[in-house]
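Just below is one structure, and these are the notes that go with it.
The values are calculated or read from the model by the stated rules, or taken from the named source; none is laboratory data. The shown structure was predicted, so the numbers you read here are calculated from the model rather than taken from an experiment. Using ideal geometry, Cβ is built from the backbone for each residue, glycine included, and neighbour counts are taken over all protein chains shown.
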Amino acid sequence: QELELMQIASDISAEAHTRAMQAVKPGMMEYALEAELNYIFGKNGCVPSYNSIVGGGENACILHYVENDQELKDGDLVLIDAACEYQLYASDITRTFPVNGKFSPEQKALYEVILKAQLAAIDAVRVGNSYKEPHNAAVRIMVQGLLDLGIMQGDIEQIIASESYRQFYMHGTGHWLGMDVHDVGSYKQGGGWRAYEAGMVVTVEPGLYIAPDDETVDAKWRGIGIRIEDDAIVTDSGCELITRGVPVAPDEIEALMRA
Ligand code: GLY
Ligand code: MN
Ligand code: MN
């Protein structure tokens, strides 16, 4: 019954993100886009599970940005981390999409890296794997992507061991989700990371954030912040995503925004 309620919360949240993708246009204010989300939440008798983040352009690099008071600009991405709770059960979704409906080559290249990292992390959410395995899988893909794009230089093993990737990825890849968005439950057990069990719910939320003033990277990358977040139920054979009612692939997002 709890999982059914979380599926309903996720469906409503996905509908809210879909509406935001369809509503956004250059010149709109971040709070106006937030209002589109709140309309869907409220219409369904829901409240936000947490303070909605609607960050255009470099505001996406501020992890807990909640001011939502700036203009959304042509050529920028907007990162929305927002979701509702339904009958006390939370959901938690992030999508990042172009304000003008079309990803630039740099935005798309970075987005593809994060999506690939998310798919690897999702694949690691399975019974018996430790809580940290999705994070480790996501980090490895993203570091390789940063190397391939020339945003980082050096040796992948050394970058992972030293955690120097934290310049661009400074948060974890997931947390328990339930009656709270960061739900109760230990992450460690018996001295190690806890293993996944069927019925657990976890978020999978890799991202990359290139600070606007980061002079260690080519100017074309600066100020881009992207996160992709979905919610997964651990099953006997892997995991089931409950938040894919809103598209995540760049071409599907662009198609939805064109429609
Ligand atoms: N929206 C809070 C989080 O993603 O953890
Ligand atoms: Mn989350
Ligand atoms: Mn979130």
Query raised in the report: Residue check, G172 against (1) closer than 16 Å to S91 by Cα; (2) within 16 Å of ligand 2 (Cβ to nearest atom); (3) out of contact with any Phe, Trp or Tyr (no Cβ under 7 Å at 6 or more places or on another chain); (4) assigned to a loop (DSSP other than H, G, I, E, B), all met but one. Which one?
Result: (1)
Query - Residue, surrounded by the most Cβ atoms within 10 Å (Cβ to Cβ), within region 186-207, restricted to residues that are within 16 Å of ligand 2 (Cβ to nearest atom) and under 19 Å from D123 (Cβ atoms) - result: P206
Query raised in the report: Can you name the residue in region 220-259 that is basic (K, R) and away from ligand 2 (no atom under 15 Å from the Cβ) and, of all such residues, is nearest to H135 (Cα to Cα)?
Result: R244
Query raised in the report: List pairs: first in region 120-142 and under 17 Å from V201 (Cα atoms), second part of a helix (DSSP H, G or I) and among the charged types (D, E, K, R), Cβ under 6 Å, 6+ apart or cross-chain?
Result: A124/E133
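When the residues of region 248-259 are narrowed to those that are in contact (Cβ under 8 Å) with a residue 60 or more places away in the chain and more than 16 Å from ligand 1 (Cβ to nearest atom), which ends up surrounded by the most Cβ atoms within 10 Å (Cβ to Cβ)?
I253
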Report task. Might you let me know whether region 147-164 holds any residue that is more than 16 Å from ligand 3 (Cβ to nearest atom), within 20 Å of the chain's Cα centre (by Cα) and at pLDDT 95 or above? Result -> no
Query raised in the report: So which residues in region 59-99 are surrounded by fewer than 17 Cβ atoms within 10 Å (Cβ to Cβ), over 17 Å from I228 (Cα atoms) and in contact (Cβ under 8 Å) with a residue 60 or more places away in the chain?
Result: Q87, L88
Query - Scan of region 83-111 for residues that are of a type in the set (D, E, K, R) and farther than 20 Å from R258 by Cα, ordered by number - result: E85, D92, E106
Query raised in the report: Going by the conditions given, is A120 more than 25 Å from V217 (Cα to Cα) and either of a type in the set (K, R) or assigned to a helix (DSSP H, G or I) (or both)?
Result: yes
**Report entry** Those residues of region 170-227 which are more than 26 Å from I159 (Cα to Cα), within 16 Å of ligand 1 (Cβ to nearest atom) and aromatic (F, W, Y), in sequence order
**Finding:** W176
**Report entry** Wholly enclosed strands (runs of 3 or more DSSP E) of region 67-109 bearing at least 2 residues under 26 Å from V217 (Cα atoms) and within 15 Å of ligand 3 (Cβ to nearest atom)
**Finding:** 77-81, 94-98
Report task. State whether the residues of region 133-151 include one that is at positive phi and either surrounded by 15 or more Cβ atoms within 10 Å (Cβ to Cβ) or out of contact with any strand residue (DSSP E or B) (no Cβ under 6 Å at 6 or more places or on another chain) (or both). Result -> yes
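Results for (1) within 16 Å of ligand 3 (Cβ to nearest atom); (2) in a loop (DSSP other than H, G, I, E, B), shown as yes or no for each residue.
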{"position": "D180", "(1), (2)": "yes, yes"}
{"position": "G185", "(1), (2)": "no, yes"}
{"position": "A198", "(1), (2)": "no, yes"}
{"position": "P212", "(1), (2)": "no, yes"}
{"position": "V217", "(1), (2)": "no, yes"}
{"position": "V234", "(1), (2)": "no, no"}
{"position": "T243", "(1), (2)": "yes, yes"}
{"position": "E252", "(1), (2)": "no, no"}
Requested in this report: Inspect region 28-36 for any residue being closer than 26 Å to I210 by Cβ, part of a loop (DSSP other than H, G, I, E, B) and within 16 Å of ligand 2 (Cβ to nearest atom) and give the result as yes or no.
Outcome: no
Query raised in the report: out of contact with any Cys (no Cβ under 8 Å at 6 or more places or on another chain), of a type in the set (S, T, N, Q), in contact (Cβ under 8 Å) with a residue 24 or more places away in the chain and exposed (fewer than 15 other Cβ atoms within 10 Å of the Cβ): does that describe T173?
Result: no
